[in-house]
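Input: a single structure, listed below in structure tokens.
The values are calculated or read from the model by the stated rules, or taken from the named source; none is laboratory data. These figures come from a predicted structure and were not determined experimentally. All Cβ positions, even for glycine, are placed from backbone atoms using ideal geometry, and neighbour counts span all protein chains on display.
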Amino acid sequence: MAKYLSQRIEGPIWLDKTEISFLKANIFDAETEIKKLDTDNSDLTLMGRKDELKKLNNILSPICRVPQPTAGHTFRNI
């Protein structure tokens with residue numbers, strides 16, 4: 001799981017139910033903390049948490065789980 005957070009995702013990923021639950025829990029925690037930080041005006045910490053939240057959401061994104069040839073075929077004319 002840590003490898004998905006530390007680098008750019010370059011292909012399809014396969015997550016089991018435990019990993020998906022873990023990511024959803026982390027997303028919930030990050031969103032809660034972002035709301036709190038937003039009211040406290042903690043700019044640097046807020047930006048860091050928002051960046052982490054984007055990474056977590058990207059991992060769960062369905063397009064990250066589509067095989068590269070399929071995605072290439074689907075989007076080649078765009």
### Summary
Reported set for segment 1-51 where residues are modelled with pLDDT of 70 or more, part of a helix (DSSP H, G or I) and within 30 Å of P69 (Cα to Cα) is K17, T18, E19, I20, S21, F22, L23, K24, I27, D51
### Task
Filter segment 52-78 down to residues that are under 25 Å from K17 (Cβ atoms) and at pLDDT below 75, then give me how many there are.
8
